[in-house]
Amino acid sequence: MPLAREAVELLVQAARAWYFEGNQHGLRDREWMALRFLSRANRFSRTPSALAGFIGATRATASQIVKTLESKSFLVRKPSHEDKRSVVLHVTAQGEKCLSQHDPINHVVNAVTALGTDECIRLRDSLREVLNHLDAAHQRLDASICRDCMFLAERSPGTGKGRATAEFMCRLYRAPISLDETELLCTSFERTRDRPRIEQHPNRARAASQG
Ligand code: SF4
């Protein structure tokens, strides 16, 4: 069997952990996907419409999923700081606990962790590269992180009125972005190949040394 096909077929077998019939611990696979996404999305993407785009559902289906998660106290809505007419979805402590204890992908995460850090990095980068190829072919990307986004700009020290911790700016939303936020998922992401990686940024080194 060609190596690439064998690798993809193994991926499909791994996917059985997160695509399943019925429910696990009271949630269907799409509800788990939504809870997982919202726990890692940035403040611009924790909206019903961004959620609908990420899980590949209609707004009506996404709204129903949000209601289900709210009814289980895994999610609350709060007014957006950026736009008072909009709501931002927040995963509650109970939702985070449920993810940490029962998320169906936890077994896969544990198996990947057992590979060791270097192998994890290689696997992550390979999968991201595969997704980038798929994006180019289908002209779509569900979500990715600020670190690799063309809209991320470094902030000059001592300028701006944003959050005290903000070290970057999002040029799309014209909003400050902290170093921690650069690791969160965003559905407005646009990939760039030219940006220096944030790991090489002096502030990253400082954060790591304080860590
Ligand atoms: S920099 Fe890109 S990924 Fe980050 S918030 Fe802005 S649009 Fe989203």
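The values are calculated or read from the model by the stated rules, or taken from the named source; none is laboratory data. Predicted model, so just to flag it, every value in this text is computed and none were measured. A quick note on method: Cβ atoms are made from the backbone with ideal geometry, for glycine too, and the neighbour counts reach across all protein chains shown. When the accessible area is computed, the model is the full protein with side chains, heavy atoms only, and any ligands, DNA or RNA have been set aside. Shrake-Rupley method; radii C 1.70, N 1.55, O 1.52, S 1.80 Å.
Points to keep in mind about this one:
- Annotation note: of R43, R28, the sole residue that is surrounded by fewer than 20 Cβ atoms within 10 Å (Cβ to Cβ) and closer than 20 Å to C170 by Cα is R43.
- Residues in the range 84-134 that are more than 19 Å from the chain's Cα centre (by Cα) and among the small types (G, A, S): S86, A111, A114, G116.
- Test: residue in the range 10-17 that is on the phi < 0 side of the Ramachandran plot and touching a helix residue (DSSP H, G or I) at 6+ places or on another chain (Cβ under 7 Å): yes
- Odd one out for A41 among (1) within 16 Å of the ligand (Cβ to nearest atom); (2) modelled with pLDDT under 95: (2)
- Number of the exception - T117 against (1) exposed (fewer than 12 other Cβ atoms within 10 Å of the Cβ); (2) at pLDDT below 95; (3) β-branched (V, I, T): (2)
- Residue within the range 96-108 that is touching a strand residue (DSSP E or B) at 6+ places or on another chain (Cβ under 9 Å) and among the polar types (S, T, N, Q) present: no
- Filter result (part of a loop (DSSP other than H, G, I, E, B), open to solvent by less than 80 Å² (accessible area, probe 1.4 Å) and more than 9 Å from the ligand (Cβ to nearest atom)) within the range 166-193: L179, T192
- Here the helices (runs of 4 or more DSSP H) wholly within the range 1-89 that include at least 2 residues being touching a residue at least 12 places away in the same chain (Cβ under 8 Å) and within 23 Å of A111 (Cβ to Cβ) are 29-40.
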